[in-house]
Amino acid sequence: HKREWEGLGDAGLLQRMGKQFHWHNRGYESFDDFLGALNSRKRKAVRKERRQANEDVHMETLTGDALEPRHMDAFYGFYLNTVDRKWAHGYLNREFFRLLRERMADKVVLVMASHGGEFVGGALNILGSDTLYGRNWGCAGRFNMLYFEACFYRAIDFAIEHGLARVEAGAQGPHKIARGYLPTATYSAHWIHDKGFRNAVADFVKRETRETLYEMA
């Protein structure tokens, strides 16, 4: 929260500003209602992407009792595919996904895509009190526009249907702007004991904030 951030800065912590891409619900009653807020070019592009994404796959959005172990097992495989492609560290294990379903299934919103009766991709979201948080995505093959449908458009569908205030889609990707997700400032505060290191970081966050504000504008 920005007010907390300002207070922590007054207390001597280093302030850092970042950005994420958020979709905000302006009281939309349907996805078409949301599309009406976009210009004609973007509206046509989104409709085309959704149509292409749903041509080859069957999509479903699962939460609560609809979530089954097979869904989480399949998604764990998609998660590992993403980790491998990005040369990243797979810090979540199979047990994590099992416990996620077992202990908080009503807070999990899992978008799954299937082709020929087999799961081929999915997007994992976590449900907050008024926000849907996009967390992980993965796919077992190449499917046209599936990433945009699973991660962005299905999340908007869910948010509108359940009266959520926003969808937070994470930090990376200016491509999200054309899909209705706008850059939004995020705030963090940091304590660094070593004076020399603190001064170096303080210089960096000042320059980073200028760049972040420029990029957001």
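Here is how the numbers come out for the structure above:
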{"quantity": "Some residue of segment 94-113 being part of a loop (DSSP other than H, G, I, E, B), over 24 Å from S30 (Cβ atoms) and either of a type in the set (S, T, Y) or open to solvent by less than 70 Å² (accessible area, probe 1.4 Å) (or both)", "calculated": "no"}
{"quantity": "Residues of segment 68-84 classified as surrounded by 12 or more Cβ atoms within 10 Å (Cβ to Cβ) and of a type in the set (D, E, K, R), total", "calculated": "2"}
{"quantity": "Qualifying residues in segment 8-43 (those that are under 19 Å from the mean Cα position of the chain (by Cα) and within 30 Å of D203 (Cβ to Cβ)) - the one surrounded by the fewest Cβ atoms within 10 Å (Cβ to Cβ)", "calculated": "G18"}
{"quantity": "Failed item, numbered, when D65 is tested on (1) surrounded by 14 or more Cβ atoms within 10 Å (Cβ to Cβ); (2) touching a residue at least 40 places away in the same chain (Cβ under 8 Å)", "calculated": "(1)"}
{"quantity": "Positions within segment 114-141 being closer than 19 Å to N25 by Cβ and among the small types (G, A, S), in sequence order", "calculated": "A123, G128, S129, G134"}
{"quantity": "Single match in K176, K206 (criterion: free of Cβ contacts under 8 Å to residues at least 12 places away in the same chain and not acidic (D, E))", "calculated": "K206"}
{"quantity": "Residue within segment 85-93 that is open to solvent by less than 20 Å² (accessible area, probe 1.4 Å), under 15 Å from N136 (Cβ atoms), not hydrophobic (A, V, I, L, M, F, W, C) and not in a helix (DSSP H, G or I) present", "calculated": "no"}
{"quantity": "Evaluation of V57 against (1) open to solvent by 60 Å² or more (accessible area, probe 1.4 Å); (2) touching a residue at least 40 places away in the same chain (Cβ under 8 Å) (one fails), failing number", "calculated": "(1)"}
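The values are calculated or read from the model by the stated rules, or taken from the named source; none is laboratory data. Everything numeric here is computed off the predicted structure, so don't read it as measured data. We place every Cβ from the backbone using ideal geometry, glycine too, and count neighbours over all the protein chains shown. The protein model used for the area step is the full one, side chains on, heavy atoms only, and it has no ligands, DNA or RNA in it. Shrake-Rupley method; radii C 1.70, N 1.55, O 1.52, S 1.80 Å.
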